[in-house]
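The structure appears below as structure tokens.
The values are calculated or read from the model by the stated rules, or taken from the named source; none is laboratory data. In this text the structure is predicted, and so the values were computed from the model without any measurement. Here the Cβ positions follow ideal geometry from the backbone for every residue, glycine too, while neighbour counts run over all protein chains shown. When the accessible area is computed, the model is the full protein with side chains, heavy atoms only, and any ligands, DNA or RNA have been set aside. Shrake-Rupley method; radii C 1.70, N 1.55, O 1.52, S 1.80 Å.
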Amino acid sequence: MEGILINNVVRNDAMTMLKKTSRTFYIPISQLDLGLREAVTSAYLCMRAIDEIEDHDELTDPLKVELLLGIHEAFQSPHIIEATQKILSPYGAVLPAVTRQLDEWAMLCPTSGAPIVYRYIAKMSLQMAEWVQNGWSIHTEEDLDRYTYSVAGMVGEMLSELWLWHDGTQSDLTKAVAFGRGLQAVNILRNREEDLKRGVDFFPDGWGFKEMQQYTRRNLQLADSYIADLKEGPALKFCKIPLALAHATVNLIAVGGNKLTRDAVLKIVSRVTG
């Protein structure tokens, strides 16, 4: 009984944190089937936790690398919760809540789905550490592809594995990468000024908004093809929402806008979910 109560507390905390950290993903995740919902919530919040380390203003790059490599090792160990707490607890005063609670988000994942989620958390932590070490150095489209894979393309892969784990839904892994990559490219376009202010440039040499929009649209077209192949079910229902929001955001950026209003988001979600 106590275990169930703890799980419910963690589940409620997780959904509250999800709502705070992502307007885009809270709606589709909250509509997923039981079990799959916990797995995707766990994965999203764990990835958000490590992303906050990568983007942190006050942490030095060597400390970011140390923490990310520590998390990489923790998620490959048999004692993930204890190892994660040991790595992060000394920095509780400077880390955001979503990162401090990484152990809770890991606990939320159903046992049978955990090997998939934990493998990708470990992989993402390692690759993020490498990007911090090389100063997010992006000069070519190949560099950009590697970066967008590290932070989002592999999320598409992980989701495809979770669809298969949950109900046997088959999907194309190459197109799954483009799904994640396309969503990340939208963020790169949207956050251009903010990124430059913190000294990071994700645009390859010689690229302007035109080239980055072409890159984004090319990946979103593959993402359209990815979801067109999905059978009716939770995977398709989930993917439709962020993809529709991504298309709408790119169209908005193309005419000089930046961020969809809450009203626009709700209208798009309503249209997509019927």
Which residue out of LEU45, LEU36, LEU95, LEU88 is of a type outside the set (Val, Ile, Thr) and touching a His at 6+ places or on another chain (Cβ under 6 Å)? LEU36
Please verify whether the range 222-240 includes one or more residues that are within 19 Å of TYR149 (Cα to Cα), among the charged types (D, E, K, R) and assigned by the TED database to the domain that holds LEU162. yes
Looking only at the range 29-54, and only at residues there that are surrounded by fewer than 16 Cβ atoms within 10 Å (Cβ to Cβ) and without any contact (Cβ under 8 Å) to a residue 60 or more places away in the chain, the one that is farthest from THR148 (Cα to Cα): LEU34
Please tell me if LEU68 is out of contact with any helix residue (DSSP H, G or I) (no Cβ under 7 Å at 6 or more places or on another chain), of a type in the set (A, V, I, L, M, F, W, C) and part of a helix (DSSP H, G or I). no
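Going by the conditions given, is TRP131 within 18 Å of GLU38 (Cα to Cα) and at pLDDT 95 or above?
Values: within 18 Å of GLU38 (Cα to Cα): no; at pLDDT 95 or above: yes.
When the stated conditions are applied, TRP131 does not pass them.
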In the range 256-274, how many are closer than 14 Å to TYR26 by Cβ and either in contact with a strand residue (DSSP E or B) (Cβ under 9 Å, 6 or more places away or on another chain) or outside any helix (DSSP H, G or I) (or both)? 0
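Condition test on GLU82, is it assigned by the TED database to the domain that holds ARG217, part of a helix (DSSP H, G or I) and without any contact (Cβ under 8 Å) to a residue 24 or more places away in the chain?
No, not satisfied.
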Scanning the range 217-274 residue by residue, the ones that are of a type in the set (Ser, Thr, Tyr) and surrounded by 15 or more Cβ atoms within 10 Å (Cβ to Cβ) total 2
Inspect all residues belonging to the range 209-221 and state whether any of them is under 19 Å from VAL269 (Cβ atoms) and touching a His at 6+ places or on another chain (Cβ under 9 Å). yes
Can you tell me which condition GLU193 does not meet? The list is (1) open to solvent by less than 20 Å² (accessible area, probe 1.4 Å); (2) without any contact (Cβ under 8 Å) to a residue 12 or more places away in the chain, and all the others hold. (1)
